[in-house]
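Since the structure comes first, as structure tokens, the remarks are kept for the end.
The values are calculated or read from the model by the stated rules, or taken from the named source; none is laboratory data. What you see is a predicted model; the values in this text were computed from it and never measured. Every residue, glycine as well, gets a Cβ built from its backbone with ideal geometry; the counts of neighbours run over all protein chains shown. The protein model used for the area step is the full one, side chains on, heavy atoms only, and it has no ligands, DNA or RNA in it. Shrake-Rupley method; radii C 1.70, N 1.55, O 1.52, S 1.80 Å.
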Amino acid sequence: QVTLVDSGGGLVQPGGSLRLSCEASGRTFGRYAMGWFRQVPGKEREFLAVISRSGIITSADSVKGRFTISRDNTKNTVSLQMNGLKPEDTAAYYCAATFFVRAGRRVDDYEDWGQGTQVTVSS
């Protein structure tokens, strides 16, 4: 089990950028695949991207080319660089960790979740 703390959200204008970070506790961070999801009230949590233990990245088509996931195993962190933000990107963003699934795209693939960080894209 890992404890995850999300940060980096905020208010940004359309076309702007934000970098979200997620810091994990524990000494086995490198053994987890790490993902990012987002959720709008009243809707299901949406997969954005996952980075496997070996660094292989899978991204959702909706954010491919705009959002980039990365990890730093020396700092126990996973980040999501978001460029070209649109109003429809407004949501609560969550990082998640899975020990058992190599590159999960489903909410149920993940055992541990951050508390979420709000991103609002508006002029």
Would you confirm whether any residue within segment 80-91 is in a strand (DSSP E or B), small (G, A, S) and open to solvent by less than 10 Å² (accessible area, probe 1.4 Å)?
yes
Residue that is touching a residue at least 40 places away in the same chain (Cβ under 8 Å) and in contact with a Cys (Cβ under 8 Å, 6 or more places away or on another chain), where the choices are V50, V78, V40
V78
Within segment 1-13, of all residues that are open to solvent by less than 60 Å² (accessible area, probe 1.4 Å), assigned to a loop (DSSP other than H, G, I, E, B) and out of contact with any Asp or Glu (no Cβ under 7 Å at 6 or more places or on another chain), the one nearest to G55 (Cα to Cα) is G8
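Condition check ((1) open to solvent by less than 80 Å² (accessible area, probe 1.4 Å); (2) more than 22 Å from R106 (Cβ to Cβ); (3) touching a strand residue (DSSP E or B) at 6+ places or on another chain (Cβ under 7 Å); (4) not hydrophobic (A, V, I, L, M, F, W, C)) across all residues:
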position: G15; (1), (2), (3), (4): yes, yes, no, yes
position: S21; (1), (2), (3), (4): yes, yes, yes, yes
position: R27; (1), (2), (3), (4): no, yes, no, yes
position: G42; (1), (2), (3), (4): no, no, no, yes
position: L48; (1), (2), (3), (4): yes, no, yes, no
position: R53; (1), (2), (3), (4): no, no, yes, yes
position: S62; (1), (2), (3), (4): yes, no, no, yes
position: K75; (1), (2), (3), (4): no, yes, no, yes
I'd like to check something: does segment 33-51 contain any residue that is in a strand (DSSP E or B) and β-branched (V, I, T)?
yes
Segment 108-123: number of residues that are surrounded by fewer than 21 Cβ atoms within 10 Å (Cβ to Cβ) and closer than 16 Å to Q1 by Cα:
6
